1. Identify the trypsin sites (Lys or Arg not before Pro) of region A:110-207 meeting these criteria: DSSP loop state and at most 13 other C-beta atoms within 10 Å of the C-beta.
2. With +1 on the Cβ of every Lys and Arg and -1 on the Cβ of every Asp and Glu, and nothing else charged, how large is the dipole of region A:1-122 about its Cα centre, in debye rounded to the nearest 20?
3. Using the Cα centre as the reference, give the magnitude of the dipole from point charges on the C-beta atoms of the protein assembly as shown (Lys, Arg: +1; Asp, Glu: -1; all else neutral), rounded to the nearest 20 debye.
4. Which one, B:THR171, B:THR17, B:THR153, has the greatest fluctuation when you compute a Gaussian network model over chain B with C-alpha springs under 10 angstrom?
5. Using a Förster radius of 41 Å, what is the FRET efficiency between B:HIS271 and B:LEU122 based on their Cβ-Cβ separation? Nearest 0.05, please.
6. Okay, which of region A:184-211 sit inside 20 Å, backbone N to the point 7 Å along the Cα-Cβ direction of A:LEU171?
7. How do A:THR134, A:THR92 rank when sorted from fewest to most other Cβ atoms within 10 Å of their own Cβ?
8. Can you bin region B:132-198 into rounded, prolate or oblate? Criterion: square roots of the alpha carbon gyration tensor eigenvalues sorted a ≥ b ≥ c, rounded for a/c under 1.5, prolate for a/b above b/c, oblate for the rest.
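Here, each number is a calculation from the coordinates, and none is a lab measurement. Because the structure is predicted, anything quoted here is derived from the model rather than measured. Ideal geometry is used to build each Cβ from the backbone, glycine not excepted, and the neighbour counts take in all protein chains shown.
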Amino acid sequence: MLEIKNVHAGYGKLKILRGINLSVPKGKIIALLGGNGTGKSTLLKTISGLLPLMEGSIEFDGQILDKKKPHEIVKAGLVQVTQSKESYPAMTVEENLMVGSYVRNDRHGVQQDLEKIYEFFPILKTRRKTLSGTLSGGEVQMLVIGRGLMANPKMLMLDEPSAALAPKVVLEIFSNIYKISQTGVTILIVEQNVRMALLLAEYGYIIRDGVIMLEGKSDNLIHDSSVRESFLGGTVADTSRELSA
Amino acid sequence: MEFDFNSLFAFIIFGVTIGVVYGMVALGISLIYSGLDIVHFAHGEIYMFGAFFGLVLAKDMSIPYPAALIGAMILAGLMGMLIERVFYRRLTRSGGGYTVAGMGMIICGFGMSVALMNVAFLIWGADAEPFSIDLGMPLQIADIYIPQSYLLTAVVSFALMGLLHFFLKYTKIGLAVRAVAQNKDIAYLMGINVPVFISLIFGLACALAAAAGVLIGPMQSVQVEMGYLMLMKAFAAAVVGGFGSLPGALLGGILVGIFENLGAAYISPSHKDIYAFLLLILVLMIRPSGLFGIEAKVKA
Ligand SMILES: Nc1ncnc2c1ncn2[C@@H]1O[C@H](COP(=O)(O)OP(=O)(O)O)[C@@H](O)[C@H]1O
Ligand SMILES: [Mg+2]
């Protein structure tokens, strides 16, 4: 569904990504993992057309995205939920969701999807008339995922949906991401929470300093020694679990 | 002087009337501020051009006044979109998105103001042109006579604002306008063609200024230098109401209008134009974010 070939990109003259290759098959959940500042968000911005491509090519659903503008990429069915967790604080929850449906003209479908999102995230329904600026961090994350879904995308890119959220909320959001994928939406999830992401995804890519350092099936990555060392080994939880084992 | 409730009432009505016109220009300045992250210093000149467009359409071309009003709004709207596309876009774009505007934008706004004034001077000359339209006898309420032009101004202004409110609140395009005004990057990622909407916002703001010009025209006269004072008053209105807040702009305009009319009536008529700034200073001392100001990040 999404094919990224030898992508070089960055900010102005500053090159961050140096030859990224990545592929997301239709209907799957794929994870892009890496520490802070390794270029994950830069890659998503490039895919979404917010940053220009210096080299390489991006193909989505049979279309070449290389020169396309952000709004055209959304129309093609590829939607990004950014890591900044930004809602429109001065709009109500429902207005936020309606902004997501801007590219669509099927009123009936929009109404149905609104109901569907309220089923995924019941808290949004109870707060539909409140200004989104008053929501908690977890609720905003649900709202921005819901807003992305309102565009009826073929594929959703989620940038660190677990960042800065309580573990219980993370669990709820991840189980909803799984449910969303079950409805046929292809998903690329970007995470620093490697353990959670690999539980969800089938296949993962590890990025470091703008290059893909490692890729493979989630099972293999979880047991890979270099992954354990860089991401999994250091956590207190992991250490205590290993001690008790 | 004996205190007379009738004349107090009249002063307030005149204040509200002129105030909604300030509010309309202030609303445009607020819209542009939300949409483009710039304070548009040439907005007074757009108002002046609007007044001249109305004058040309109504007097020289003998088009009925209501049609001249709409025509002037459309012309000024298109002119604004052209100015945004040709002159401002480069500047608003540089520095990462539309967010960092900086000093260049301020200088550009002032430059545009002077340039537009000179263009108007070349076309229409420096003389004040009367813009008389015959609206019939003044209306009498109790013992007060209100000229029809005031009534017309109040009605048209409130109607335009109501329309704008409806548009922003209840239509899909209006929702997208608000989305662009609040957060351009996210709006882009929701599939909204942001540059087109920036133009639309600018055009809308200029059309409102033109409406103000055509409405004020018959009360005063139309003149190349009329923009400066209006900019200052509208600016005061926008700040009093809370910069970037749309209802605030309208209410700020009305407050400025009432305040200066009462000041002129009861303190000293020769200092009419300073009362707006007196109010501005007062409000800033008590509530620096303006009466209806919300946090700087939350716009529109
Ligand atoms: N707007 C920007 N301008 C210049 N450099 C940036 C900008 N945004 C991010 N960077 C740099 O690009 C690198 C990758 O950042 P990013 O893709 O955001 O990392 P992450 O993997 O945490 O999402 C970092 O070194 C960061 O400093
Ligand atoms: Mg990031």
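1. Filter output for region A:110-207: A:LYS129.
2. Dipole magnitude for region A:1-122 comes out near 580 debye.
3. On the way: 43 positive and 41 negative charges, 258 e Å.
It comes to approximately 1240 debye.
4. Top of the fluctuation ranking is B:THR171.
5. After rounding, the FRET efficiency stands at 0.75.
6. A:192-201
7. A:THR134, A:THR92
8. prolate
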